């Protein structure tokens with residue numbers, strides 16, 4: 001559970017040991033002894049309480065929540081805290097779901113404790129590592145190749161073009177004529193002009209953005225992960241063909257330049273194993289490349305059922321687990337970790353690369369302006385860097401469409417430049433995970 005720290009036992013150091021259990025007299029010579037509280041055992045055995053009783057400890061200027069009590073060499077239980085978050089325990093006990101079947105931010109322990117921007121697991125790991133260092137245990141942090149932290153740019157390709165029949169209706173009827181947005185006459189005439197211009201222009205802002213995203217990444221020696229859709233079954237899906245010339249050209253370039261191709265399944269496929277397999281195979285056939293990375297459309301994840309579908313379908317890496325409504329650390333960490341089922345108490349072979357930030361959450365649901373969005377994003381990046389973790393960001397290929405998504409493209413470039421400035425590894429999700437050692 002503490003994957004980003006390793007213990008160095010070279011140079012004559014004795015092998016350290018940690019005792020974790022409920023017997024206060026067991027292993028008195030252990031380097032660190034953590035004695036479980038009966039209340040912690042009762043909490044997990046009951047499987048009914050959504051949140052444990054919590055208190056805060058102050059580490060410098062930061063108040064860190066302590067989720068479970070303990071005795072021995074520490075007064076809190078780091079193992080139970082890490083298990084609570086990384087197992088997704090709260091999502092199995094709290095069955096509240098939003099209209100898309102997602103675990104809502106408002107029902108989370110992070111919301112309850114007001115720690116949205118704090119990776120509680122990573123703070124817990126930091127505290128425990130510091131305790132071990134004080135006992136003269138030499139600790140070394142895992143790195144991403146030659147870099148101490150990683151930045152992963154990921155891109156969900158929900159649409160391959162902006163100008164579709166539904167958009168023409170929205171722009172001309174709903175907004176220009178019916179004025180559903182309550183805009184001025186000048187703004188409405190501008191919409192009519194831009195919409196009319198699209199009929200004679202050869203390009204499309206979403207196709208142009210897909211190419212520019214690759215250009216901007218490659219300028220900065222970065223590689224991204226691009227999630228493509230392979231089917232559409234309902235109103236939440238927009239259909240496009242993987243054999244479309246622009247899509248094929250983009251996929252071929254991405255694979256040639258070292259980017260990664262992943263599956264972004266149709267809306268209902270996150271809980272439909274046959275469709276999920278079919279869509280994976282379609283993308284594999286269209287790209288002539290293996291497909292082992294996944295992110296659910298609308299971030300639909302029902303824990304723990306979804307992780308078994310991913311494992312059965314042969315996916316190795318998921319990057320769905322983030323809050324749809326806001327930025328933050330849904331499972332309490334910015335580090336990769338293997339997904340675990342706390343109902344069957346089994347670990348899967350699917351690794352999670354937690355989603356820390358989605359631009360549409362910042363702009364559309366948190367209602368931040370560009371400056372505010374950049375400030376929060378940079379704060380999250382610095383947090384990930386300080387813990388030696390991964391900042392996984394999601395930007396759609398709607399960037400630089402200033403009429404509908406003002407500031408989104410600039411936000412992407414500012415974030416990308418900051419990753420360069422801070423010396424992050426800038427690889428795809430799978431390559432980042434492979435380099436973590």
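With segment 132-223 as the region, which helices (runs of 4 or more DSSP H) entirely inside it contain at least 3 residues that are under 23 Å from residue 410 (Cβ atoms)?
Numbers: elements: 165-168, 185-198, 205-219.
Answer list for segment 132-223: 185-198, 205-219.
Within segment 69-91, can you find the residues that are part of a loop (DSSP other than H, G, I, E, B) and in contact (Cβ under 8 Å) with a residue 40 or more places away in the chain? Don't jump to the end; show me each part of the working.
Of the residues in segment 69-91, the ones part of a loop (DSSP other than H, G, I, E, B) are 73-75, 77, 87-88.
Matches in segment 69-91: 73, 74, 77, 87, 88.
From 98, 114, 122, 130, which residue is more than 30 Å from residue 212 (Cβ to Cβ), in contact (Cβ under 8 Å) with a residue 60 or more places away in the chain, under 29 Å from the mean Cα position of the chain (by Cα) and surrounded by fewer than 16 Cβ atoms within 10 Å (Cβ to Cβ)?
Unique residue meeting the criteria: 98.
Out of 419, 385, I need the residue that is over 16 Å from the mean Cα position of the chain (by Cα) and either surrounded by fewer than 22 Cβ atoms within 10 Å (Cβ to Cβ) or assigned to a helix (DSSP H, G or I) (or both). Which one?
On the way: 385 fails: over 16 Å from the mean Cα position of the chain (by Cα).
Unique residue meeting the criteria: 419.
Looking at 373, 324, can you tell me which residue is surrounded by 19 or more Cβ atoms within 10 Å (Cβ to Cβ), touching a residue at least 12 places away in the same chain (Cβ under 8 Å) and more than 22 Å from residue 387 (Cα to Cα)?
Details: 373 fails: more than 22 Å from residue 387 (Cα to Cα).
Every option except 324 fails the conditions.
Identify the single condition in (1) within 29 Å of residue 143 (Cα to Cα); (2) out of contact with any strand residue (DSSP E or B) (no Cβ under 6 Å at 6 or more places or on another chain) that residue 370 does not satisfy, given that it satisfies every other one.
Just one mismatch for residue 370, condition (1).
Just to check your reading of the model, which residue among 305, 231, 271 is over 20 Å from the mean Cα position of the chain (by Cα) and not assigned by TED's automatic domain parsing to the domain that holds residue 99?
231
Within segment 155-203, how many residues turn out to be assigned by TED's automatic domain parsing to the domain that holds residue 244 and over 26 Å from residue 241 (Cα atoms)?
0
Being surrounded by 14 or more Cβ atoms within 10 Å (Cβ to Cβ) and assigned to a strand (DSSP E or B) is the filter here; which residues of segment 348-357 pass it?
Of segment 348-357, the ones surrounded by 14 or more Cβ atoms within 10 Å (Cβ to Cβ) are 348, 350-357.
Listed by number, the residues that qualify are 348, 350, 351, 352, 357.
Could you please let me know if residue 361 is farther than 21 Å from residue 259 by Cβ and either at pLDDT below 95 or over 17 Å from the mean Cα position of the chain (by Cα) (or both)? Let's see the steps before the verdict.
On the way: farther than 21 Å from residue 259 by Cβ: yes; either at pLDDT below 95 or over 17 Å from the mean Cα position of the chain (by Cα) (or both): no.
It is false that residue 361 is farther than 21 Å from residue 259 by Cβ and either at pLDDT below 95 or over 17 Å from the mean Cα position of the chain (by Cα) (or both).
Take segment 9-68 and flag every residue that is free of Cβ contacts under 8 Å to residues at least 24 places away in the same chain, assigned to a loop (DSSP other than H, G, I, E, B), in contact with a strand residue (DSSP E or B) (Cβ under 7 Å, 6 or more places away or on another chain) and closer than 19 Å to residue 83 by Cβ.
Correct list: 22 only.
Can you confirm whether segment 160-179 contains a residue that is within 26 Å of residue 431 (Cβ to Cβ), at pLDDT 85 or above, surrounded by 17 or more Cβ atoms within 10 Å (Cβ to Cβ) and within 33 Å of the chain's Cα centre (by Cα)?
Our first condition is that a residue be within 26 Å of residue 431 (Cβ to Cβ); within segment 160-179, this holds for 160.
Still in the running and at pLDDT 85 or above: 160.
Subset that is surrounded by 17 or more Cβ atoms within 10 Å (Cβ to Cβ): 160.
Adding the requirement that they be within 33 Å of the chain's Cα centre (by Cα) leaves 160.
The answer is yes; a qualifying residue exists.
If you scan segment 181-210, which residues turn out to be in contact with a helix residue (DSSP H, G or I) (Cβ under 7 Å, 6 or more places away or on another chain) and within 23 Å of residue 160 (Cβ to Cβ)?
Correct list: 191, 195, 207, 210.
The values are calculated or read from the model by the stated rules, or taken from the named source; none is laboratory data. Note that this is a predicted model, so its numbers are computed, not measured. FYI the Cβ positions are ideal-geometry reconstructions off the backbone, even for glycines, and counts take in every protein chain you see.
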